[in-house]
Amino acid sequence: MKCPTQYEFRYVKGLVMPPGIALHVGSATHVAVAANLKHKCEHDGQLMPVGAVMELARDNLSERWDIEDVYLQDDEAERGRDTMKGEAIDMAVTLSGLHAEELAPTIQPISAAHIERPFVLEVTELAFDLAGTIDVQEISCIRDTKTAKTTPSQGDVDAETQFTMYAWAASLTGNGLKFPVQVKVDALVKLKTPKAVVIESRREDWQVNALVESIKSYGRLIQAGLFPPSTNGWWCSRKWCGYASRCPYYSGRP
């Protein structure tokens, strides 16, 4: 839904591009956050030492960086792979520590199984299922951890279809929530002095119905082999799309 042409490059043509630095930082931070919250569930509410959480993020990013390729922009490549690795590790360590200190003490997952919980949903009229992973499910809401360059706006969170999908899945599986489903975005913002922000939203069942109809529409495009470009979003740039250099529709954003 973000960009059908990008989907075609990745899933139809099979062109796998290496993740950029931001994705590596986000992935390592998620690993550390999930481990800390699972520890909390399995040890009577006791969190891991903050230093241990930060070390886990450091080790995960370092290992990931060494065994996977990394997509570097031109200015990043000029600064050097090792320099960028060091900065990425510093950011993942800082963000995971920030979450451990400010957010983890307030989060109460239903159980360890409700952290990074995968789901699969069937949609009639489609030849495939929908799959995803919910970061955290509490008794009364679902939560999603985001690492971001800027603070997400309330409007962005209210309109994000990702959370509508999660609300739908949470209503059907694993201690099903009732609509309206509360959503909390735990944003770790990568400012000069990083900060943690919690943004609350909710989802109604009519939003799920609208999402399902959109998914059916995109499903018909996939089955018909049609992949129109979407060039108006932030993702259509060299920074966020590894296919920009070969895409005939590329917007020209750096």
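Here are the numbers for the structure shown:
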item	result
Search result, residues across the stretch 14-24 that are at pLDDT below 95 and either on the phi > 0 side of the Ramachandran plot or in a helix (DSSP H, G or I) (or both)	ILE21, ALA22, LEU23, HIS24
Single condition LEU61 does not satisfy, out of (1) over 18 Å from ILE21 (Cα atoms); (2) surrounded by 15 or more Cβ atoms within 10 Å (Cβ to Cβ)	(1)
Residues of the stretch 199-229 that turn out to be within 20 Å of the chain's Cα centre (by Cα) and either outside any helix (DSSP H, G or I) or modelled with pLDDT of 95 or more (or both), as a count	5
Candidate set: the stretch 140-159, residues that are surrounded by 15 or more Cβ atoms within 10 Å (Cβ to Cβ) and hydrophobic (A, V, I, L, M, F, W, C); chosen: the one nearest to LEU188 (Cα to Cα)	ALA148
Any hit, the stretch 170-186, residues being surrounded by fewer than 20 Cβ atoms within 10 Å (Cβ to Cβ), among the charged types (D, E, K, R) and at pLDDT 95 or above	no
Residue count, the stretch 236-252 (criterion: of a type outside the set (S, T, N, Q) and touching a Cys at 6+ places or on another chain (Cβ under 6 Å))	0
Pairs, first within 19 Å of MET17 (Cβ to Cβ) in the stretch 70-90, second outside any helix (DSSP H, G or I) and among the small types (Gly, Ala, Ser), C-beta under 6 Å, six or more apart	TYR71/GLY20; TYR71/GLY242
Criterion violated by HIS30 - all others in (1) more than 30 Å from ASN232 (Cβ to Cβ); (2) at pLDDT 95 or above; (3) surrounded by 18 or more Cβ atoms within 10 Å (Cβ to Cβ) satisfied	(1)
Tally, over the stretch 37-57, of residues that are within 14 Å of LEU98 (Cα to Cα) and among the charged types (D, E, K, R)	1
The stretch 118-137, subset of a type in the set (D, E, K, R) and modelled with pLDDT under 95, residue farthest from ALA170 (Cα to Cα)	GLU125
Which numbered condition ILE21 misses (of (1) within 30 Å of GLY219 (Cα to Cα); (2) in contact with a Phe, Trp or Tyr (Cβ under 9 Å, 6 or more places away or on another chain); (3) buried (at least 16 other Cβ atoms within 10 Å of the Cβ))	(1)
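Yes/no per residue for (1) free of Cβ contacts under 8 Å to residues at least 40 places away in the same chain; (2) more than 30 Å from PRO248 (Cβ to Cβ):
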| residue | (1), (2) |
| --- | --- |
| ALA22 | no, no |
| ALA35 | yes, yes |
| CYS41 | no, yes |
| ARG64 | no, yes |
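Matching residues to (1) touching a helix residue (DSSP H, G or I) at 6+ places or on another chain (Cβ under 6 Å); (2) surrounded by 13 or more Cβ atoms within 10 Å (Cβ to Cβ):
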position	(1), (2)
LEU211	yes, yes
ARG220	no, no
GLN223	no, no
PRO228	yes, no
THR231	no, yes
CYS236	no, yes
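The values are calculated or read from the model by the stated rules, or taken from the named source; none is laboratory data. Keep in mind it's a predicted model, so treat the numbers as computed, not measured. Quick reminder, even Gly has a Cβ in these numbers, built from the backbone with ideal geometry, and neighbours come from all protein chains shown.
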